[in-house]
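To keep things clear, I will list the structure first and then write my remarks on it.
Where a number appears in this text, it was derived from the coordinates with a stated rule and is not lab data. Every value quoted in this text rests on a predicted model; they were computed, and no experiment measured them. Cβ sites come from the backbone with ideal geometry, for glycine too, and all protein chains shown count toward neighbours.
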Amino acid sequence: MREKLGFLLNKLRVRSTRVRREGETRRRGADRWTEDLLLQLEKIEISTPKIPEMVMNRLLDSIESGEISVGDELPSERDLAEGFGVSRGSIRECIAILSFMGIVENRGHRKVVVKEAEDFRKALSFLEFSRRENTFWDLMDFRRCNELEIAKQACQHATQRDLDDLKEAVDTLAKNPEDIDADMNFNMVLAQSSHNAMFMQVVNMLNYMIRDLHMRYFDRPDYYEKMTGAQSKVYEAVRRRDTMRASMAMSHYLDIIEKFYCQETGEKRP
């Protein structure tokens, strides 16, 4: 893993040097910061268990050291992903949490830091909270409060394009049962179909916690079979604009997750 990261670092440094030699004149503030960030990646323990925490800890270090100031633009998702040797999805989850908490602001395609280091610490405390084992039932109750209503809102507001995207999300998981991103994408597409900005931000932020939970059971054949079936029922209810059935189908979807958790831990719902 370290050899791979070293290769990526050298590759990015060579690319940055070539750009400077070619005299490119467009604004490259983000690329300059990317170089500084990547030059220090060797200091990061690759074994860190949670990618978003690793990213945010590095960003926090950069703010406290003066490498990043309020108003600076973050590197692109691609550059961060290449530099850290992780997927763009992992970087996107981290940025989603920072955006939801108002620490990073979206300005077109740019991600600009608008808060100080203390706010980054609050985001990290959220991630640390999400790792506590005794938060499962709190998370599931929170999901029920939000996702049952999201399903109802999707029935009322989903466009044909939304329905097509939702169907594609269900079909993708059915065709690629090993694809955890396909499972996560269903939740995001359903939230987008509600056309409620708050629901979209909440689901985007929670995807980090949801991914960690779903990955526990993803290697079990009966898990994705049941999840695909549950997702299909949600889709059909939304397509028919049946709010009651959509809510019930989403409740069943969450029931499946709880059932697998109880089987694994021996716990019962409080």
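Summary of values
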| read-out | value |
| --- | --- |
| Residue pairs, from the table Lys122/Lys233; Lys175/Lys259; Lys115/Lys226, whose Cα atoms sit over 32 Å apart | Lys122/Lys233; Lys115/Lys226 |
| Cα-based Rg / Dmax (Å) for region 132-265 | 13.7, 41 |
| Ascending count of other beta-carbon atoms within 10 Å, so fewest first, for Thr265, Thr172 | Thr265, Thr172 |
| Table column - 3J(HN,Hα) (Hz), region 176-183, Karplus curve with 6.51, -1.76, 1.60, x for Gly and Pro | 10, x, 8, 8, 5, 5, 5, 5 |
| For Lys111, residues with placed amide H under 5 Å, excluding near neighbours | Leu74 |
| P(r) tail fraction, region 144-195 - alpha-carbon pairs more than 16 Å apart, % | 39 percent |
| Ascending count of other beta-carbon atoms within 10 Å, so fewest first, for Ser99, Ser125, Ser62 | Ser125, Ser99, Ser62 |
| Projected label distance in nm at Asp171 and Phe142, using a 7 Å step from Cα toward the beta-carbon | 3.4 nm |
